[in-house]
Amino acid sequence: MSNRSFVWYLNLCYLSPKIVADILEYRNPRDMNLKELMNLASEVVNFEKQEKIWCIE
């Protein structure tokens, strides 16, 4: 049996500061998982669009 280790790394500078603040305060309005969050950071460059997806008004 092989042991495999994975390290998930998300560079928070690619996320809106409001989203980062929510993450640090344990708020996740959409119950977004890590994979979705990583996709958001890599695919959506505009912070305002990220916040709409994250449901920040």
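The values are calculated or read from the model by the stated rules, or taken from the named source; none is laboratory data. Please read these numbers as outputs of a predicted model, since none were measured by experiment. Don't worry about glycine lacking a Cβ; one is built from the backbone with ideal geometry, like all the others, and counts go over all protein chains shown. These accessible areas exclude ligands, DNA and RNA; they are computed on the full protein's heavy atoms, side chains included. Shrake-Rupley method; radii C 1.70, N 1.55, O 1.52, S 1.80 Å.
For the stretch 25-33, the criterion of being part of a helix (DSSP H, G or I) and open to solvent by 50 Å² or more (accessible area, probe 1.4 Å) is met by no residue. Pairs meeting the criteria (first residue in the stretch 4-22 and closer than 14 Å to LYS35 by Cβ, second residue surrounded by 14 or more Cβ atoms within 10 Å (Cβ to Cβ), beta carbons under 8 Å, at least 6 apart or on different chains) are TRP8/MET38; LEU10/LEU37; LEU10/MET38; LEU10/ALA41. A count restricted to the stretch 1-24 and to residues that are outside any helix (DSSP H, G or I) and either surrounded by 16 or more Cβ atoms within 10 Å (Cβ to Cβ) or not aliphatic (A, V, I, L, M) (or both) stands at 10. Of everything in the stretch 34-57 that is among the polar types (S, T, N, Q) and assigned to a helix (DSSP H, G or I), the residue that is surrounded by the fewest Cβ atoms within 10 Å (Cβ to Cβ) is SER42.
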